[in-house]
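Every number here is computed from the coordinates shown, using simple stated rules; none is lab data. This is a predicted model, so every value here is computed, not measured. Counting neighbours? That spans all protein chains shown, and the Cβs are built from the backbone with ideal geometry, glycine included.
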Amino acid sequence: MTNHHQDGRAGIDAGLVRRLVADQFPQWAALPITPVKIDGWDNRTYRLGDELTVRLPTAASYATAIEKEHHWLPILAPQLPYPIPTAVGIGEPGHGYPHRWAIRRWIPGATATPETVDLDEFAHSVATFILALQRCDATGGPLPGIHSFQRGGPPSYYHSATMAALAELKDRIDASLALEVWETALASSWVRPPVWFHADLAHGNLLVENGRLSAVIDFGTSGVGDPACELAVAYTFFSGRAREVFRSAVQQDAGTWARGRGWALWKALITSDFRVIDEVLADHLTQTR
């Protein structure tokens, strides 16, 4: 999830970042610190000079990703077809800020929008990234848990939240069809060895240069397990022909797609994203009738 940057959110501002960097990384104390134009919700990100970024979790639930990413990003990077963030250092709590934080290399590029990419080509590129990530050795990787907000596990973790949202929206959506989508998702399971997943292939984490995918950022919810959560991008970013290009290229079985629709539906229900709900329901009908 992204939002336009508001300095001071979660008690974090450029002054705090400047003090933390000066204390713990004095070699970079003189570099200018500027907020990025579009920021994530889980973390605040600031440019540190021209080549680095400072990334500060906004809550304890997001701070679990700092060490995970620092360890795994350099292991995954050589195996992937597109650049991912480079971990440079980990900062410690200080000046009233309670969490560990990260310094990364800056990756150029604009966030993806349907208007700035060739959707068919982009769908193929995202699928290529997903498959390359699944081929990475998952041995010892982080299993589903708080750090991934249970992505990589069964979507049934969010059953009560989904049922509550369905009840709340029953007069605004086809609730019986949505329930069918959800029950179909819960009826299948991942029975193969765990594989790597990114889990947040939102447009803000897909960077573009010259109309093409150029990097994938923010591995905060990544882990190893069931990759079904990865397929939510099929409904949040793609539709029509581009979704079919993605479906063909990503090579996932029907059960994984059923759970992927479940993940997309859960998130769309709890955020009242009616466009995505409609996309999920229509795709379910197309694939199951």
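Any idea what angle helix 65-76 forms with the longest principal axis of the chain, computed on alpha-carbon atoms, 0 to 90 degrees, nearest 10?
80 degrees
Calculate how steeply helix 175-186 sits against the longest principal axis of the alpha-carbon atoms of the chain, using the helix alpha-carbon long axis, and give the answer as 0 to 90 degrees to the nearest 10.
70 degrees
Which lysines does LYS267 reach when only Cα atoms under 18 Å apart count, and residues fewer than 8 places away in its own chain are ignored?
Cα-Cα hits under 18 Å: LYS170.
Counting DSSP beta bridges in the chain, what percent are antiparallel, to the nearest 5?
So the antiparallel bridges in the chain amount to around 95 percent.
With +1 assigned to the C-beta of every Lys and Arg and -1 to the C-beta of every Asp and Glu, and no other charges, what is the dipole magnitude of region 111-288 about the Cα centre in debye, to the nearest 20?
320 debye
For ILE75, what charge total do you get from the other residues with a beta carbon under 15 Å from its beta carbon, if Lys and Arg give +1 and Asp and Glu give -1? Mind showing how you got there, number by number?
On the way: positive: LYS68, ARG135; negative: GLU67, GLU69, ASP137.
In short, -1.
Within 12 Å, Cβ to Cβ, of SER222, how many net charges do the neighbouring residues add up to if Lys/Arg are +1 and Asp/Glu are -1?
For residues surrounding SER222, the net value is -2.
So what are the ³J(HN,Hα) numbers for region 136-148, from phi and the Karplus equation (6.51, -1.76, 1.60; θ = phi - 60°), rounded to whole Hz, Gly and Pro as x?
3J(HN,Hα) across region 136-148, in whole Hz: 5, 5, 8, 4, x, x, x, 6, x, x, 4, 4, 9.
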